[in-house]
Amino acid sequence: NINNYTRYEGYYPHKILVQDDVIAIFWRSRYGSGEKPTVNYIFSEDNGQTWSEMKELPIGDMSIDSYSVVARGNDFYVVFATEYDFTSSTPSQIYFLRSYSNLSLWSEPTFLSRTSGPYYKASENPSISFEDDKLSITWEERGLYYGTSTSDYYYTTLIIFSEDQGISWSQPVELHTVKRQSHPQAMVINDNVYLFYVSGNRSEERRVGKEC
């Protein structure tokens, strides 16, 4: 038991990354009934012989619905979607943060979601990739679509890019819109955006074309 902890209500999908001499494990967890979910992590610098103390992402009092993480060099890059806040009626939103020096120091969370527009409702299911020295983040924006009724939500896939390791970001670009959640993931290879998403009960691959 590498986390040496027993007071979790449940464990959620974990991610294991091996980067240079570091093995890092991330997982979403919840402290007891009714507590806000967060992402914990541990790491090893000796091929798993010993492990760091369990830590939490430094995100204040935000709660995490879903997340994605990649590594490059000694740095780790995380994007996450917050849970819907029923107390303040705040929709789920997308944030990014980056670690430095093998998880010893973290940036402040950077807000990435769009917050306006006639069709905006919530931001969900983020994914992050690092290809060709460029970070890309994809997520779904749930909302109304061209005058449809309030019970008829559509999901628009957005993508943004960073060429300075997350210091600054491009404006979101819309890739496609569907009438169901599609859990998109995208990669940028040779200036082409490759979008992967779930359509009905099967997966599809779609090359969007030259980078937006």
Neighbourhood net charge (13 Å Cβ-Cβ; Lys/Arg +1, Asp/Glu -1) for ASP46: -3
Mean Cβ neighbour count within 10 Å, used as a protection proxy, ranking 157-168, 73-84 highest first: 73-84, 157-168
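Throughout, read-outs are computed from the coordinates displayed, never taken from laboratory work. Quick caveat, the model's predicted, so the values are computed rather than measured. Virtual Cβ from ideal backbone geometry, glycine too; neighbours counted across all protein chains shown.
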